[in-house]
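Peer 1: Okay, here's the structure, questions in a sec.
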Amino acid sequence: AQTVTQSQPEMSVQEAETVTLSCTYDTSESDYYLFWYKQPPSRQMILVIRQEAYKQQNATENRFSVNFQKAAKSFSLKISDSQLGDAAMYFCAYRQAGGSRLTFGEGTQLTVNP
Amino acid sequence: EADIYQTPRYLVIGTGKKITLECSQTMGHDKMYWYQQDPGMELHLIHYSYGVNSTEKGDLSSESTVSRIRTEHFPLTLESARPSHTSQYLCASSDSRTGINSPLHFGNGTRLTVT
């Protein structure tokens with residue numbers, strides 16, 4: 001069974017600084033998809049960024065980028081120029097290719113300090 | 001702006017009551033999901049549906065049931081609520097037509113407290 005692990009329950013960053021959230025996963029599959037979701041307090045969970053395992057190039061969405069290390073089964077999220085609105089719980093998630101079910105990590109609570 | 005709606009947003013109910021958590025989406029997505037999430041914890045899949053009249057149990061055992069009579073509607077029912085059911089319930093949907101890596105769209109969640 002696939003598992004997703006986020007080893008940092010809480011992280012904090014100063015506004016305008018850069019922070020990296022860690023995620024590792026375990027799978028025997030070679031083709032899969034990885035996602036980072038953001039859940040602000042009392043608000044809707046939204047997709048931040050996604051990565052296809054067969055693509056070597058790391059995904060980037062504006063200030064958000066990933067460091068995907070397939071051999072190490074690592075998928076970290078880098079947030080550059082952190083903003084107060086980035087404060088949220090961040091979830092790493094895995095989906096097997098051809099499947100629909102997402103496996104989520106435990107989440108990392110990110111605090112952005114002004 | 002949310003295209004997937006959950007009601008109620010908050011619910012406090014006594015033990016033994018029957019409750020239905022509503023979830024509707026206006027995006028025409030074929031796949032829908034229910035997740036259970038305790039505060040600050042990971043999400044656990046409890047039910048999912050690939051389309052009308054298709055429902056499956058998820059990874060986490062749940063005493064709830066679901067139905068999918070219409071594409072846009074995926075209600076979750078607890079026949080007899082217990083304090084152990086106190087949690088947040090998140091509904092989500094996805095569209096298989098957009099590709100196999102289609103992301104989930106989440107509702108705002110229902111925070112259930114059973115006293």
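Peer 1: With every protein chain left in place, what is the accessible area of residue B:57 in Å² (1.4 Å probe, nearest 10)?
Peer 2: 130 Å²
Peer 1: Then there's this: Taking each residue in A:38-44, count the Cβ atoms of any other chain within 10 Å of its Cβ, then average. What number comes out?
Peer 2: Other-chain Cβ atoms within 10 Å of each residue's Cβ, averaged: 3.
Peer 1: Here's a follow-up. Can you pull the Kirkwood radius for chain A, inverse mean 1/r over Cα pairs, to one decimal in Å?
Peer 2: 14.1 Å
Peer 1: Using a Gaussian network model of chain A with C-alpha springs under 10 Å, which one of A:95, A:43, A:63 is most mobile by mean-square fluctuation?
Peer 2: The residue that fluctuates most here is A:43.
Peer 1: A further question on this structure: Which of the listed residues, A:98, A:24, A:39, is farthest toward the dipole's positive end in segment A:3-113, when Lys, Arg count +1 and Asp, Glu count -1 at the beta-carbon?
Peer 2: Comparing the listed Cα positions along the dipole, A:98 ranks first.
Peer 1: What's the magnitude of the charge dipole for the protein assembly as shown around its Cα centre, counting Lys and Arg as +1 and Asp and Glu as -1 at the beta-carbon? Answer in Debye, nearest 20.
Peer 2: The dipole of the protein assembly as shown has a size of about 380 debye.
Peer 1: Please compute the contact order of chain A in relative form: average sequence separation of alpha-carbon pairs under 8 Å and at least six residues apart, divided by the residue count, as a percent.
Peer 2: Answer for chain A is 37 percent.
Peer 1: Which is the longest run of chain A containing none of the GluC sites (Glu not before Pro) found in DSSP loop states (not H, G, I, E, B) with at most 13 other C-beta atoms within 10 Å?
Peer 2: A:30-114
Peer 1: Which trypsin sites (Lys or Arg not before Pro) in segment B:61-115 pass both tests, a DSSP loop state and at most 11 other beta-carbon atoms within 10 Å?
Peer 2: Taking segment B:61-115 and a limit of 11 other Cβ atoms within 10 Å, no loop trypsin sites (Lys or Arg not before Pro) are found.
Peer 1: Continuing with this model, one more query. Need one number: buried accessible surface between chains B and A, 1.4 Å probe, both sides summed, DNA, RNA and ligands left out, in Å² to 100.
Peer 2: Its buried surface, counting both partners, is about 2000 Å².
Peer 1: Let me ask something else about it. Kindly report the accessible area of the protein assembly as shown per residue (heavy atoms of protein chains, probe 1.4 Å, no ligands, DNA or RNA), in Å².
Peer 2: 47 Å²
Peer 1: If you don't mind, there's one more thing I want to ask. If you take each beta carbon of peptide A:24-36 and count the beta carbons of other chains within 10 angstrom, what is the mean?
Peer 2: Other-chain Cβ atoms within 10 Å of each residue's Cβ, averaged: 1.
Peer 1: Follow-up question, since we're still on this one. Among the residues of segment B:40-54, which ones have their accessible area go down by 40 Å² or more when all the protein chains sit together, as opposed to their chain alone (1.4 Å probe)?
Peer 2: B:42, B:43
Peer 1: Using a 1.4 Å probe on the protein chains only, how many percent of the accessible area of segment A:3-113 belongs to carbon and sulfur?
Peer 2: In segment A:3-113, the share of accessible area belonging to carbon and sulfur is 42 percent.
Peer 1: In square angstrom, rounded to the nearest 10, how much accessible surface does residue B:38 have for a 1.4 Å probe?
Peer 2: 70 Å²
Peer 1: Over the whole of B:102-113, what's the average partner chain Cβ count within 10 Å per residue? Rounded to a whole number, please.
Peer 2: That average works out to 4.
Peer 1: Let me ask you something else. In percent, how large is the relative contact order of chain B, given Cα pairs closer than 8 Å and 6 or more residues apart?
Peer 2: Here the relative contact order equals 36 percent.
Peer 1: In what order, largest first, do B:67, B:84, B:61, B:49 sit by accessible area if the probe radius is 1.4 Å?
Peer 2: Order by accessible area, largest first: B:61, B:84, B:67, B:49.
Peer 1: May I pose another question? Can you give me the solvent accessible area of residue A:102 with a 1.4 Å probe, rounded to the nearest 10 Å²?
Peer 2: That residue has around 10 Å² of solvent-accessible surface.
Peer 1: Connecting C-alpha atoms closer than 10 Å in a GNM of chain B, tell me which of B:12, B:66, B:52 has the biggest fluctuation.
Peer 2: For chain B, modelled as a Gaussian network with Cα springs under 10 Å, the answer is B:12.
Peer 1: Order B:62, A:28, most accessible first, counting only protein heavy atoms with a 1.4 angstrom probe.
Peer 2: These residues rank, largest area first, as A:28, B:62.
Peer 1: Which residues of segment A:93-113 end up with at least 30 Å² less accessible area in the presence of all protein chains than when their chain stands alone, using a 1.4 Å probe?
Peer 2: A:95, A:100, A:101, A:102, A:104, A:106
Peer 1: Among B:105, B:75, A:58, pick out the residue whose Cα is farthest towards the positive end of the charge dipole of the protein assembly as shown, where Lys and Arg carry +1 and Asp and Glu carry -1 on C-beta, about the Cα centre.
Peer 2: B:75
Peer 1: What residues have an amide H closer than 5 Å to that of residue A:109, excluding those fewer than 5 places away on the same chain, when H is modeled at 1.01 Å from N in the peptide plane?
Peer 2: A:10, A:11, A:90
Peer 1: Sticking with this one: From largest accessible area down, sort B:41, B:27, A:45; use a 1.4 Å probe on the protein chains.
Peer 2: Heavy-atom accessible area, descending, gives B:41, B:27, A:45.
The values are calculated or read from the model by the stated rules, or taken from the named source; none is laboratory data. These numbers were taken from a predicted model, which means no experiment stands behind them. All Cβ positions, glycine included, derive from the backbone under ideal geometry; neighbour counts span all protein chains shown. Surface accessibility is based on the protein's heavy atoms, side chains included, excluding ligands, DNA and RNA. Shrake-Rupley method; radii C 1.70, N 1.55, O 1.52, S 1.80 Å.
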